[in-house]
């Protein structure tokens, strides 16, 4: 059995002071007193915070097959008022090495390791700025008796009842290793439940000050992570192959009021799902245009949307949830192998089901004089290409294509699934017998690259991007490198 206890404390105090005078009469003069006080300014301020923690851990192992661990943290922060400043955050885990039991150890020789485990933990978060519960004041000026006077004012509401944001995490896991790594892996099922989420309240602008920070909402993340591998040696050839997959889902459990836009927040639904008008093709006749009232005064060749509620008009009631805000799963796989003095390492990663809502540069024709996308070579034309479902070429700002309804439609929602060769490296170790004569103990020559191959249907730049917005973003860099390692 082992025990550990600790204490930590940290604080920060940051004070600043600045002053300036501008428009000096002589360009070569840099002293502050080189000009009068008519063009001068100064500022200063102070921020500070403190954090204190008590923590501990206990581990116990019984007969090498029953494992127990318990942890605790008792944290206090100046960012929360004295009434709720301290939070207690315990965690614990248990594991059972089944492979050490006699009924496995003495009867099933191909099981080298088999362990099941379970854990629970409570985490706290108070990352909410320095003074979310305290009245703070800023300098201002105001008119009084035909003169400008200096004063202070409060610019935001405060909430003295703030509490820690808390996340409960449970995990069930399995670790195994069969027949000297012919198959090994781990499986984890997890659930993360967050309560008291710290965020700004929603208040009308007529309140006169910015919103306070409050505890509101509950949120759940849950899913699984699986990792598998295989290792083998055949003569001089040794290899290890492995693969991983992660599936995560989320759900808003509690939220004060629904929020709607191109993303939607509602209880019992995934957080910020896409909420869009459904693109159904393009208008190919005046009769089609007249059947449904569509914003933007569309013309033949412009995109059309599905009238979900059959009202005869396209409006906010016709938006629907669309999958793609989060990937179905992310995955990776790789291999490490060697033959005599040669070695090769490969690593692939991929995302399945991720979609991005694009706008502006890279997808709308002629933005800042940019060329249209190649798809517009097949654009609709009533004379030469009447069967096309690609809209007519348009300019930036053309309402039927780039207005609020169009920009919030599935026409601009693009599948960004991909598989990418993230890294590859081939190396060769010179035989030691050849190196002894020149007093070198090791010489390895290698060549490799990063981001060399990408397999995707995404035609709007790099699919490994940060999120929605402009289609044009700086891509991951392709790199090719050659090098050597020397040891004397």
(message) Looking only at region 405-432, filter to residues that are under 19 Å from the mean Cα position of the chain (by Cα) and within 30 Å of residue 278 (Cα to Cα); which one of those is surrounded by the fewest Cβ atoms within 10 Å (Cβ to Cβ)?
(response) 415
(request) Go through region 18-105 and tell me which strands (runs of 3 or more DSSP E), entirely inside it, have 3 or more residues that are at pLDDT below 90 and either farther than 20 Å from residue 4 by Cα or touching a helix residue (DSSP H, G or I) at 6+ places or on another chain (Cβ under 9 Å) (or both). (result) 40-62
(message) Tell me the residue from 383, 368 that is surrounded by fewer than 15 Cβ atoms within 10 Å (Cβ to Cβ) and not in a helix (DSSP H, G or I), please.
(response) 383
(message) For the condition assigned to a loop (DSSP other than H, G, I, E, B), over 17 Å from residue 354 (Cα atoms) and touching a helix residue (DSSP H, G or I) at 6+ places or on another chain (Cβ under 7 Å), what is the one hit in 307, 268?
(response) 307
(request) Evaluate the following for residue 4: is it more than 30 Å from residue 137 (Cβ to Cβ) and touching a strand residue (DSSP E or B) at 6+ places or on another chain (Cβ under 8 Å)? (result) yes
(request) Show the residue pairs that are 6+ apart or on different chains and have beta-carbon atoms under 7 Å apart, the first residue being within region 52-70 and on the phi > 0 side of the Ramachandran plot, the second being surrounded by 15 or more Cβ atoms within 10 Å (Cβ to Cβ) and not in a strand (DSSP E or B). (result) 64/100
(request) For residue 281, work out the one condition from (1) on the phi < 0 side of the Ramachandran plot; (2) outside any loop (DSSP other than H, G, I, E, B); (3) surrounded by fewer than 16 Cβ atoms within 10 Å (Cβ to Cβ) it doesn't fulfil. (result) (1)
(message) Of everything in region 202-221, what is over 30 Å from the mean Cα position of the chain (by Cα), touching a residue at least 24 places away in the same chain (Cβ under 8 Å) and in a loop (DSSP other than H, G, I, E, B)? Give them in sequence order.
(response) 209
(request) For region 433-444, enumerate the residues that are under 21 Å from residue 337 (Cβ atoms) and exposed (fewer than 14 other Cβ atoms within 10 Å of the Cβ). (result) 442
(request) Would you mind telling me which numbered condition in (1) touching a strand residue (DSSP E or B) at 6+ places or on another chain (Cβ under 8 Å); (2) without any contact (Cβ under 8 Å) to a residue 40 or more places away in the chain residue 310 fails? (result) (1)
(message) So residue 143 ticks every box in (1) out of contact with any strand residue (DSSP E or B) (no Cβ under 6 Å at 6 or more places or on another chain); (2) part of a strand (DSSP E or B); (3) over 25 Å from residue 44 (Cβ atoms) but one. Which box is left unticked?
(response) (3)
(message) Going by what's in this entry, would residue 175 be described as within 20 Å of residue 227 (Cα to Cα), in a strand (DSSP E or B), in contact with a strand residue (DSSP E or B) (Cβ under 7 Å, 6 or more places away or on another chain) and in contact (Cβ under 8 Å) with a residue 40 or more places away in the chain?
(response) yes
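Quick grid of which residues meet (1) touching a strand residue (DSSP E or B) at 6+ places or on another chain (Cβ under 7 Å); (2) touching a residue at least 60 places away in the same chain (Cβ under 8 Å); (3) closer than 28 Å to residue 318 by Cβ:
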site	(1), (2), (3)
349	yes, yes, no
362	yes, yes, yes
365	no, no, yes
371	no, no, no
380	yes, yes, yes
401	yes, yes, yes
404	no, yes, yes
420	yes, yes, no
(request) Scan 335, 406 and give me the residue that is modelled with pLDDT of 95 or more and either outside any loop (DSSP other than H, G, I, E, B) or in contact with a helix residue (DSSP H, G or I) (Cβ under 9 Å, 6 or more places away or on another chain) (or both). (result) 335
(request) Answer yes or no as to whether residue 83 is out of contact with any strand residue (DSSP E or B) (no Cβ under 8 Å at 6 or more places or on another chain), closer than 18 Å to residue 164 by Cα, loosely packed, with under 13 Cβ neighbours inside 10 Å and in contact (Cβ under 8 Å) with a residue 60 or more places away in the chain. (result) yes
(message) Considering only region 233-243, I want to know if a residue exists there that is more than 30 Å from residue 342 (Cα to Cα), touching a residue at least 24 places away in the same chain (Cβ under 8 Å) and assigned to a strand (DSSP E or B).
(response) no
(request) With respect to residue 135, determine if the residue is under 30 Å from residue 45 (Cβ atoms) and either assigned to a loop (DSSP other than H, G, I, E, B) or within 41 Å of the chain's Cα centre (by Cα) (or both). (result) yes
(message) Condition first: in contact (Cβ under 8 Å) with a residue 40 or more places away in the chain and either surrounded by 10 or more Cβ atoms within 10 Å (Cβ to Cβ) or closer than 30 Å to residue 68 by Cβ (or both). Now tell me which residues in region 1-42 satisfy that.
(response) 1, 2, 3, 4, 5, 6, 7, 8, 9, 11
(message) Condition check: more than 30 Å from residue 337 (Cβ to Cβ) and in contact (Cβ under 8 Å) with a residue 24 or more places away in the chain. Does residue 195 satisfy that?
(response) yes
(request) Please verify whether region 147-157 includes one or more residues that are surrounded by 12 or more Cβ atoms within 10 Å (Cβ to Cβ), touching a strand residue (DSSP E or B) at 6+ places or on another chain (Cβ under 8 Å) and assigned to a strand (DSSP E or B). (result) yes
(request) Mind listing just one residue for me: the one in region 108-131 that is at pLDDT 90 or above and not in a strand (DSSP E or B) and, of those, farthest from residue 177 (Cα to Cα)? (result) 126
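The values are calculated or read from the model by the stated rules, or taken from the named source; none is laboratory data. Since the structure is predicted, the reported quantities are computational estimates derived from the model, not experimental observations. In this analysis, Cβ positions are derived from the backbone assuming ideal geometry, glycine residues included, and neighbour counts consider all displayed protein chains.
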